[in-house]
4 protein chains.
Amino acid sequence: MQTTHSGTWIFTGSCSSQLGTVDVVTRYMAESGNYINEIHSFDDRVQGMFFLRIEFTPPSADFSVAHFNDEFVERAAEFDMTWALSPAAKKERVAILVSKYDHCLNDLLFRVRTGQLNIDIPVIISNHPDLEPLAKWHNIPYYHLPITPDTKLEQEQQILGLLAEYRIDLTVLARYMQVLSPSMCQQLDGKAINIHHSLLPGFKGARPYHQAWEKGVKMVGATAHYVNNDLDEGPIITQGIQTVNHALYPEQLISKGQDIERITLFNAVRYHVEKRVFLSGKRTVVFDN
Amino acid sequence: MQTTHSGTWIFTGSCSSQLGTVDVVTRYMAESGNYINEIHSFDDRVQGMFFLRIEFTPPSADFSVAHFNDEFVERAAEFDMTWALSPAAKKERVAILVSKYDHCLNDLLFRVRTGQLNIDIPVIISNHPDLEPLAKWHNIPYYHLPITPDTKLEQEQQILGLLAEYRIDLTVLARYMQVLSPSMCQQLDGKAINIHHSLLPGFKGARPYHQAWEKGVKMVGATAHYVNNDLDEGPIITQGIQTVNHALYPEQLISKGQDIERITLFNAVRYHVEKRVFLSGKRTVVFDN
Amino acid sequence: MQTTHSGTWIFTGSCSSQLGTVDVVTRYMAESGNYINEIHSFDDRVQGMFFLRIEFTPPSADFSVAHFNDEFVERAAEFDMTWALSPAAKKERVAILVSKYDHCLNDLLFRVRTGQLNIDIPVIISNHPDLEPLAKWHNIPYYHLPITPDTKLEQEQQILGLLAEYRIDLTVLARYMQVLSPSMCQQLDGKAINIHHSLLPGFKGARPYHQAWEKGVKMVGATAHYVNNDLDEGPIITQGIQTVNHALYPEQLISKGQDIERITLFNAVRYHVEKRVFLSGKRTVVFDN
Amino acid sequence: MQTTHSGTWIFTGSCSSQLGTVDVVTRYMAESGNYINEIHSFDDRVQGMFFLRIEFTPPSADFSVAHFNDEFVERAAEFDMTWALSPAAKKERVAILVSKYDHCLNDLLFRVRTGQLNIDIPVIISNHPDLEPLAKWHNIPYYHLPITPDTKLEQEQQILGLLAEYRIDLTVLARYMQVLSPSMCQQLDGKAINIHHSLLPGFKGARPYHQAWEKGVKMVGATAHYVNNDLDEGPIITQGIQTVNHALYPEQLISKGQDIERITLFNAVRYHVEKRVFLSGKRTVVFDN
């Protein structure tokens, strides 16, 4: 569901915790005629960091980011604040990487098509040919880049090439099922979201539903997180859960978990493109709504 | 769970939607050395109303409300803003009205005793004698004020007398099971919270679990709302839900619903005393955390 | 998720409550070499009715229903038991009626395509042309039968004609948005499932999300129920819920509720085709798993 | 909530999977005039084991277990079935072990007092004196058995002595906060339930909420499991979950998690005493309702 409003802009900023951090932004907003629709802040006492997200309506339709930045830069400098501006209506360019499972892909495509998720998907990349028909029906270019142990690095270069070619803002691993190389992780750092089919840190690595069955857990979950160097260890954006019982075998846990996987991934992508997620150390601050 | 921090203060304000509403507050906060820990706002496009809640740390321990008000009154006047200040550590004085069911009472007492809920309970009032031992163990005065159709208004006067005598800020109807007279409702307007054992507006009135069983619903719920003139129609603060199935008879729905009733009531009381709830028309704005 | 196992059969039976109801079935199962994989029963003390569901594996692949019935009929007669047999692998023929919203349709199609839902969808019927491309991609005949107040009964006859022509076992109203005539309701009685976008009995009738917003509820829900003569009053099969807050306007509640609508409808269809649902008065018995 | 009915008995049985397992029990039930109210079975395809739970009403109030066993033993022998009988109304004798946290203890005591949980608590044992007043108010003997590294084994002997003296059926570690010795674990094997304040297998060991905060998870949970030799590794009975966000520090996670801990522990105790739990390898079969 798109919860931002067209015509509005989003300001996000962060700096170390100090007196006046909110004021320096809201004062400029008032003075420059920008109307604040919503404001969220968080002051991380442990990291000593301050995070701010504001949705605002500019005084006129020809809002200039450059002008805002020019006027605001000196004020921000006092606080050593970093900030960004983004129109709520802007569609980020999101590449989707998949393998053979299509529940997450199908879900994202559906939400984009029906306006629930405000992104463009200019390209879908897979190491298998299976999901090409689905991509085709949505008129999205589909690249089948097979992978073998020998061609892994080369294939990753091809992917990175496509991400550049299509000017991708965010890469979503929608059950891509491949462990990325450290070098690729590094290049995608903070710009890629993965869905892992367990409630991390439980059941890292391969076949988490089988692990969950072995352990006899009564709940299975899904975790959407940023990709970083450490497998299944990137900062967690959001998590989902599903109650299960003894009567479900691993193949049924896999099936039952699909709903929670796709909803969890959707939420994470939405939070990200709506600029609701901040990194604070290894944790995330998420201004949900 | 107490989520405000000791030493902090809470500012709440509202006015009609207009440019500069956030700024007028945050600017004064910055100029007067008040450190903003957390800020929440909501702009109700339908009502054309703006709501603001700020948790802040004053520059010193001898923070003066009078001084703040003196300095802020002129700025607020420009916006026709109403506002209030309250120390996060302040314990509101809460009276609890009960009948014979004690799951809500027991829960609130437990949370107060263990520090999860930051209130004082100076008095418990009931139309039955049953729960006196529980009150006694917690050293809280217990008033048994029986009620008959003939004595209803008189009994309500006694209650109102006690609320005045004990300087009560908030009255909690913790399954009090009596329909209050219009006059009493009016006097408690906005200052009393009731827990109704259904997901309103479903199953208003008497015996909601029996109604739910008749209807064959697959979920039962609870609703905490402000008391107003209209039975079970006051502004909703929060709601909770519990999945049920065909095997549960009304008496078992009653039992199963108790957990959700008491947690829902606890949340509502916590939201209220932490100044997280605003009225916007017949709806509430709740800055949860 | 399909939770029945291929090769197994499902026995469902009901009769008035009396000694030996389970035994009469399980004894025959044992004597005839049918292996019981799972057994569920419910004894409705209010209705005085007994319900039984058994998943069993026949002794050989050439299991004969006629033979089972021949042998069992006399035993059942003693208890005045009605019963039915159905192979777990059998795909029921399900017609889907839609208007313009496609979240439920898309979801059902996806689950059928990926094997999560074990049904055939031989026909999709709509009063609007919008969803034809989606049907086409799945190679399913799509009938656009427009409706006006004048042509309503005629259009319903066309629908009933198609249901007969396509030998439909179950009709699913996947946000069809039309009030069916009493006559049509009667003909679909117990053979049609509707999804209503509220937690019934709250917010019956039109525009339930707008009603919910007006009322300021903190949860929205969905209800899947059998169609009967009484609008939004048919026996409830299952319900789902979604927490919401003050910041969501009706159009956003609509969007937010879609996930819970489609999952709730999917569950109801699955329960029905897996023979997990029994009617007991105006309530349902659902042997979930 | 007590979901069994007074006057009924519970039969539980298990054996290897084979034809006729249900029938051998239900036939005897029918022949001996025992009325089946509810029947649940599970056939574990991996373990090759069959599990059966039946609630039944005997033909008369003077039901004799010895007589049932005498008559049934030969039939059961054919299947190598082990079984047990227990009156639903029977109150198991449950010892509670605590440290200083009392949310679980308070919850269990409340549910016993109000009839939601059908057990007797003849003794409470703690390594701290803090919770004695709570025990006293409920007229339950409280033993303060302090523990030091040197006296650990001796203290455990004292506990085991008390369990014997009070003829305890089940021991509940309601946040006891002590790692039991292997010898004690062995003696309590299958007869003790622990609540761990995380969603196992995530965050085993000490200070799970602090671990959860470090990791930045968006959900915290609780796990009730049988005690065995392996710390936090015993068979899981049930689990509960609570959504959290970035704004909660460890001490607030601790507070927020209390509700889910106590409800999860209550459910596990209820399942156990209502004979709903079976062990199948390292996993549990739970016939919930």
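The values are calculated or read from the model by the stated rules, or taken from the named source; none is laboratory data. These numbers were taken from a predicted model, which means no experiment stands behind them. Cβ coordinates were reconstructed from backbone atoms using ideal geometry, including for glycine residues, and neighbour counts include every protein chain displayed. The accessibility values were calculated without ligands, DNA or RNA, using every heavy atom of the protein model including side chains. Shrake-Rupley method; radii C 1.70, N 1.55, O 1.52, S 1.80 Å.
Points to keep in mind about this one:
- Each Lys or Arg adds one and each Asp or Glu subtracts one; over the other residues with Cβ under 14 Å from the Cβ of D:Phe63, this totals -3.
- Partner chain coverage, peptide B:194-201 - average Cβ within 10 angstrom: 3
- Nearest-10 value in Å² for the accessible area of A:Glu214, using the 1.4 Å probe: 120
- Restricted to Cα atoms, region D:88-181 shows a radius of gyration and a Dmax of 12.9, 43 angstrom.
- Looking at region B:92-273, the accessible area is 35 square angstrom per residue; that uses a 1.4 Å probe and ignores ligands, DNA and RNA.
- Proximal charge balance of A:Asp43 [Cβ under 12 Å; K/R count +1, D/E count -1]: -2
- For chain B, built as a Gaussian network whose Cα springs stay under 10 Å, the top-fluctuating residue of B:Lys256, B:Lys218, B:Lys91: B:Lys218
- Exceeding the 18 Å Cα-Cα cut-off - candidates A:Lys218/D:Lys282; B:Lys91/B:Lys282; D:Lys136/D:Lys256; A:Lys218/A:Lys282; B:Lys204/C:Lys256: B:Lys91/B:Lys282; D:Lys136/D:Lys256; A:Lys218/A:Lys282; B:Lys204/C:Lys256
- Computed helical MRE - 222 nm, the protein assembly as shown, DSSP H runs ≥ 4 contributing -39500 (n - 2.57), nearest 500: -10500 deg cm²/dmol
- Calculated FRET efficiency for the pair C:Glu251/D:Ala61, C-beta based, R₀ 60 Å, to 0.05: 0.45
- Taking the label point 7 Å along Cα→Cβ, D:Arg167 and its counterparts in the other copies are spaced 5.6, 6.6, 8.2 nm apart, in ascending order.
- Under 12 Å of direct C-alpha separation, and excluding same-chain neighbours fewer than eight residues apart, A:Lys215 reaches these aspartates and glutamates: D:Asp232, D:Glu233.
- With θ taken as phi - 60° and the Karplus curve 6.51 cos²θ - 1.76 cosθ + 1.60 applied, the whole-hertz 3J(HN,Hα) list for region C:257-269 is x, 4, 4, 6, 4, 6, 5, 5, 5, 4, 4, 5, 5 Hz, x standing for glycine and proline.
- From the largest down, region A:144-289 spans 48, 41, 25 angstrom on the principal axes of its Cα atoms.
- Cut-off 10 Å between beta-carbons: net charge of the residues surrounding A:Val244, Lys and Arg +1, Asp and Glu -1: +2
- Paramagnetic label reach from C:Gln158 (point 7 Å along Cα→Cβ; backbone nitrogen cut-off under 13 Å): within region C:105-148, residues C:125-129, C:142-148.
- Fraction of accessible area attributable to carbon and sulfur, region C:245-289 (%, probe 1.4 Å): 54
- Its Cα gyration tensor gives region B:9-87 an equivalent ellipsoid, and the semi-axes of that ellipsoid, as √(5λ) in whole Å with the largest first, are 22, 13, 10.
- Cross-link partners of A:Lys152 among lysines, defined as those whose alpha carbon lies under 18 angstrom from its own and excluding same-chain residues fewer than eight positions apart: A:Lys100.
- All C-alpha to C-alpha distances of chain B, sorted into 5 Å bins beginning at zero, yield P(r) values of 1, 5, 11, 14, 16, 15, 13, 10, 7, 4, 2, 1, 0 percent in whole numbers.
- Contour minus Cα-Cα distance for B:Glu78 and B:Lys215 (0.36 nm per residue): 44.0 nm
- Summary for D:Asn139: label point 7 Å along Cα→Cβ; distances to the equivalent points in the other copies, ascending, 2.5, 7.5, 7.9 nm.
- Cα-based equivalent ellipsoid of the protein assembly as shown: semi-axis lengths in Å, sorted from largest, via gyration tensor: 47, 40, 32
- Positive-end extreme of charge dipole, region D:180-289 - chosen from D:Val273, D:Ile195, D:Phe287 (charges on Cβ): D:Phe287
- When accessible surface is computed with a 1.4 Å probe, chains D and C are found to bury approximately 1900 Å² between them, both chains counted.
- DSSP bridge pairs, chain D: antiparallel proportion in percent, nearest 5: 70
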